Amino acid sequence: MFSTTGNTEATKTTSWKVVLPFYGYAAIAFLIATILLLFSASDITSHYFLPHTLAIIHIMALGWGTMMILGASHQLVPVLIEGKLYSNKLAYASFTFAAIGIPLLVNGFYVFNMGLHSQCGGILIILSIIAYLINLAASMVKSKQENVHAFFIFTAALWLLATAIVGLLLLYNFTEPLLPKGSLNYLPVHAHIGIVGWFLLLVMGVGSRLIPMFLISKYNNTRQLWWIYGLINGGLLSFVYIFLYTDSKSLLSIPLLAVAAAIVLFGDFCFKSYQQRIRKKVDEQMKVSLLSVLMMLLPVIFLVIIITLLILTPKENVSLIITYGFIIFFGWITAIILGMTFKTLPFIVWNKVYHHLAGKGKTPNPKDLFSNKVFKWMSVAYILGFVMFTAGILFHSTILLQIAAALLLLTSLLYNWNVIKLLMHKPVPL
């Protein structure tokens, strides 16, 4: 999701050997998730706590979103802190632990067996996150460079570790009564510290660096970013306390307002970056990325409706909750990855293939290493599939869900086609 554009010094650029496996793994995970979605489309509206639904959610959250971020941030952090990544070995360890742990955990959900294999998967994922955190912390300490974006990334990683630990406790709680209540009761805490603390905080921190950079914008407002940082973390901490230690549903509006304010501030930051851009022509990849910023508001709107209904009646609206989860994982998280992959991966591949040839002759432009036509078709299939699937959940239309799932599968196939084209790129004769 991230790039080293703006600084390609060898001392600050992580080896492509570290980064590319994460990209490849994430692309395959996205394909698998859309295949499962197609086969599970008719059951998706039944309930959010079903084996196949849980498997799809965790493939999207861990195999797709998290693996992409883990790999790409190994490339970005050295640029932000103006220093080297502390350890390539820790990066390889992070990939290996996650690559093995995710399928074990997902398979456990798919067959609904929360036993030893699932628990081992959860432990391996935690080890992956710890290796990543150690690498981040050591890199930041060694560089001694303070950077607001690096703080976003590191704090998000801490929330990711908390998410994984809570998730592992919930897994064990299925077989051993470790917690006062059943695992389902704690699901909102597990979900939201991951969604808000990991994904939202990190996307805002990184997006506030990459969006102005790719737009070649003069806009920068560090104070505004610190406000966003405080609102997200303050809102999430208050949510955890309110959820665990009070019975008041109306108090949940406090963290919701804090997070909503952060999203509005981030949207304002991106809009001003767009206004003050030097590059007037905005390519398709940036358009999809900017669309994802607007899509951040959709979960907030649905959450307002869900909380309002919970205050008025104790009965859950299952369709709204399923839609809420879908627009997070297949909405703004997927949209920003689809856009940013083809703003960043071409530069990583170009550095791999042509860096040693720079200055010795004409080399291809990074944007020429993938098919923009395929990207456009992928974007159309994605937007249609996302809108139709959301409508299918709300209106309980199986036909609409199946058509939309097929479009999302087409999206993942076209995405993988372009990623494979990039990963398999060979030097063009000079």
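The values are calculated or read from the model by the stated rules, or taken from the named source; none is laboratory data. If you're wondering where the values come from, they're calculated on a predicted model, not measured in any experiment. Cβ: placed from backbone, ideal geometry, glycine included. Neighbour counts: every protein chain shown. The area values use the complete protein model at the heavy-atom level, side chains included, leaving out ligands, DNA and RNA. Shrake-Rupley method; radii C 1.70, N 1.55, O 1.52, S 1.80 Å.
Brief remarks follow.
- Counted as qualifying within the stretch 130-233 are the helices (runs of 4 or more DSSP H) with 3 or more residues that are open to solvent by less than 40 Å² (accessible area, probe 1.4 Å) and at pLDDT below 90, namely 201-215.
- Taken together, THR53, THR45 contain a single residue that is under 30 Å from HIS396 (Cα atoms) and under 21 Å from the mean Cα position of the chain (by Cα), which is THR53.
- Extreme residue, modelled with the highest pLDDT, among residues of the stretch 100-129 that are in contact with a Pro (Cβ under 8 Å, 6 or more places away or on another chain) and either open to solvent by less than 20 Å² (accessible area, probe 1.4 Å) or among the aromatic types (Phe, Trp, Tyr) (or both): GLY121
- Flag for SER319 being under 30 Å from ASP368 (Cβ atoms) and either touching a residue at least 60 places away in the same chain (Cβ under 8 Å) or open to solvent by 30 Å² or more (accessible area, probe 1.4 Å) (or both): no
- Out of LEU291, LEU309, LEU345, sole residue that is surrounded by 14 or more Cβ atoms within 10 Å (Cβ to Cβ), free of Cβ contacts under 8 Å to residues at least 12 places away in the same chain and either of a type in the set (Gly, Ala, Ser) or not in a loop (DSSP other than H, G, I, E, B) (or both): LEU309
- The stretch 15-52, residues that are modelled with pLDDT under 90, part of a helix (DSSP H, G or I) and buried (at least 20 other Cβ atoms within 10 Å of the Cβ): ALA41
- As for the stretch 273-293, it holds no residue that is modelled with pLDDT of 90 or more, out of contact with any Cys (no Cβ under 6 Å at 6 or more places or on another chain), of a type in the set (Phe, Trp, Tyr) and farther than 27 Å from GLN224 by Cβ.
- If you go through the stretch 83-98 and keep only what is open to solvent by less than 20 Å² (accessible area, probe 1.4 Å) and within 22 Å of the chain's Cα centre (by Cα), you end up with ALA91, SER94, ALA98.
- Of the residues in the stretch 91-100, none is touching a residue at least 60 places away in the same chain (Cβ under 8 Å), outside any helix (DSSP H, G or I) and closer than 27 Å to ILE32 by Cα.
- For beta carbons closer than 9 Å, sequence separation of 6+ or different chains, a first residue in the stretch 104-124 that is under 23 Å from ILE44 (Cα atoms) and a second that is open to solvent by less than 50 Å² (accessible area, probe 1.4 Å) and not in a helix (DSSP H, G or I), the qualifying pairs are GLY108/MET114; GLY108/GLY115.
Yes/no per residue for (1) farther than 30 Å from ILE327 by Cβ; (2) assigned to a helix (DSSP H, G or I); (3) of a type in the set (Phe, Trp, Tyr); (4) modelled with pLDDT of 90 or more:
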{"site": "LYS352", "(1), (2), (3), (4)": "yes, yes, no, no"}
{"site": "LYS367", "(1), (2), (3), (4)": "no, yes, no, no"}
{"site": "LYS376", "(1), (2), (3), (4)": "no, yes, no, yes"}
{"site": "ALA381", "(1), (2), (3), (4)": "no, yes, no, yes"}
{"site": "GLY392", "(1), (2), (3), (4)": "no, yes, no, yes"}
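- In the stretch 378-393, the residues that are among the β-branched types (Val, Ile, Thr) reach residues that are not in a helix (DSSP H, G or I) with C-beta atoms within less than 7 angstrom, at least six apart or across chains, in these pairs: ILE393/ILE44; ILE393/THR45.
- Entry remark, the stretch 142-165: residues being within 19 Å of the chain's Cα centre (by Cα) and either under 30 Å from GLN119 (Cα atoms) or not aliphatic (A, V, I, L, M) (or both) number 16 in total.
- Filter result (among the charged types (D, E, K, R) and surrounded by 17 or more Cβ atoms within 10 Å (Cβ to Cβ)) within the stretch 250-276: LYS272
- Against the numbered list (1) more than 23 Å from the chain's Cα centre (by Cα); (2) open to solvent by less than 10 Å² (accessible area, probe 1.4 Å); (3) of a type outside the set (Gly, Ala, Ser), HIS355 comes up short only at (2).
- Only listed residue being in contact with a strand residue (DSSP E or B) (Cβ under 7 Å, 6 or more places away or on another chain), free of Cβ contacts under 8 Å to residues at least 60 places away in the same chain and of a type outside the set (Lys, Arg), chosen from GLN224, GLN276: GLN276
- Selection within the stretch 212-229 - closer than 28 Å to LYS281 by Cβ and of a type in the set (Phe, Trp, Tyr): PHE214, TYR219
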